[in-house]
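Reviewing the structure listed below.
The values are calculated or read from the model by the stated rules, or taken from the named source; none is laboratory data. As the structure is a prediction and not an experimental result, all values here were calculated from the model. Quick reminder, even Gly has a Cβ in these numbers, built from the backbone with ideal geometry, and neighbours come from all protein chains shown.
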Amino acid sequence: MSKKKILFVTQELNPYTEVSILSDIAKQIPHFATDEGYEIRILMPKFGVINERRHRLHEVVRLSGMNIIVDDEDYPLIIKVASLPGLRLQVYFLDNDEFFKRKAIFHDDDNVAFDDNQERIVFFCKGVMETVKKFGWAPDIVYLNGQITSLIPLYLKKAYKNDPIFQDSKIVYSFYEDTISHSFNEKFLRIAAINDLEPADLEIYRIGDEINLDLGAFVNCDGIIAGNEIANEFVNKHEDKINIPKSLFTSDEELARETIAFFKTVLQDTQE
């Protein structure tokens, strides 16, 4: 039997970023996944806080060169790669000077959200889809870690639904707490409507008059993982809207191991 394949798309990953507990949890996932016999590929943003020289990033010319359209503007997509310490795994970094050169993640030094976070998320999520198509590598699980990945479930199920690379993929989304949705507005529904999508397709990301990236992501997922107590509270609050398998947070120490175990739950139908 061939190995099950995991596409791991993460907002943060230690040692490249050390911003939050999300970075540390993400670091453990590849180790547990390879121990369980999964084949894994990792994609993440090349935030400006990542030291390219220290981590020996270099451009992958065969994957670079695409332009990603966001709000009718073309932005070059540059793909860089580094080897994850301790494992024979490569991490692919999606880069663009306009969106990721700044030495910060989502907020400036005064903790004010960047005005273009909406565009940055659209660029990254569409860039992930196009990069995986170039891989020609069909994942059994698309595992999404953090809010920057929150458009990918919709894109997988709607915008790329006829692409054979993704047709059999199960989607699992890990979330923690809402750090950027509060700064989003109606513009998000328009600019995130890529390919043949319409703004109405993005209405799933709205709660009342507000944008919520997490609840919108859940709609097209096959499973969700709460990454902390705040996420648990969110699941309990919206229990009536979440009709998919879920794994609630127990502890930071067990989260990575429980995540791998949860993959088996989500894949159960295809493994039987």
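Specify the residue that is surrounded by the most Cβ atoms within 10 Å (Cβ to Cβ); the eligible residues are those in region 213-223 that are among the small types (Gly, Ala, Ser) and under 19 Å from Leu248 (Cβ atoms).
Ala217
Specify which of the listed residues (Lys3, Lys46) is in contact (Cβ under 8 Å) with a residue 40 or more places away in the chain and of a type in the set (Lys, Arg).
Details: Lys3 fails: in contact (Cβ under 8 Å) with a residue 40 or more places away in the chain.
That would be Lys46, the only listed residue that is in contact (Cβ under 8 Å) with a residue 40 or more places away in the chain and of a type in the set (Lys, Arg).
Tell me which residues, restricted to region 198-212, are part of a loop (DSSP other than H, G, I, E, B) and either aromatic (Phe, Trp, Tyr) or surrounded by fewer than 16 Cβ atoms within 10 Å (Cβ to Cβ) (or both).
Glu198, Gly208, Asp209, listed by residue number.
Quick check on region 165-174. Is at least one of its residues within 19 Å of Asp74 (Cβ to Cβ) and either crowded, with 22+ Cβ neighbours inside 10 Å or in contact with a Phe, Trp or Tyr (Cβ under 6 Å, 6 or more places away or on another chain) (or both)?
Start the filter on region 165-174 by keeping residues that are within 19 Å of Asp74 (Cβ to Cβ), which leaves none.
There is no residue in region 165-174 that is within 19 Å of Asp74 (Cβ to Cβ) and either crowded, with 22+ Cβ neighbours inside 10 Å or in contact with a Phe, Trp or Tyr (Cβ under 6 Å, 6 or more places away or on another chain) (or both).
For residues in region 63-101 being among the charged types (D, E, K, R) and touching a residue at least 40 places away in the same chain (Cβ under 8 Å), which is nearest to Phe32 (Cα to Cα)?
Among them, the one singled out is Asp95.
Hey, can you tell me all the residues within region 69-83 that are of a type outside the set (D, E, K, R), within 19 Å of the chain's Cα centre (by Cα) and closer than 17 Å to Phe47 by Cα?
The answer is Leu77, Ile78, Ile79, Val81, Ala82.
Please determine, by comparing only the residues of region 1-24 that are outside any loop (DSSP other than H, G, I, E, B) and more than 14 Å from the chain's Cα centre (by Cα), which one is modelled with the lowest pLDDT.
The residue in question is Ile21.
If the requirement is being under 14 Å from the mean Cα position of the chain (by Cα) and touching a residue at least 24 places away in the same chain (Cβ under 8 Å), which of these qualifies: Leu215, Leu197, Leu156?
Answer to the check: Leu156.
Pick from region 224-254 the residues that are in contact with a strand residue (DSSP E or B) (Cβ under 8 Å, 6 or more places away or on another chain) and in a helix (DSSP H, G or I): which of them is surrounded by the fewest Cβ atoms within 10 Å (Cβ to Cβ)?
Out of the qualifying residues, it is Asn232.
Can you name the residue in region 68-88 that is touching a strand residue (DSSP E or B) at 6+ places or on another chain (Cβ under 8 Å) and of a type in the set (D, E, K, R) and is also farthest from Gln28 (Cα to Cα) among such residues?
Asp74
Determine which member of the set Asp140, Asp35 is of a type in the set (D, E, K, R) and farther than 14 Å from Leu7 by Cα. Give the steps one after another, and end with the answer.
Values: Asp140 fails: farther than 14 Å from Leu7 by Cα.
Going through Asp140, Asp35 in turn, just one is of a type in the set (D, E, K, R) and farther than 14 Å from Leu7 by Cα: Asp35.
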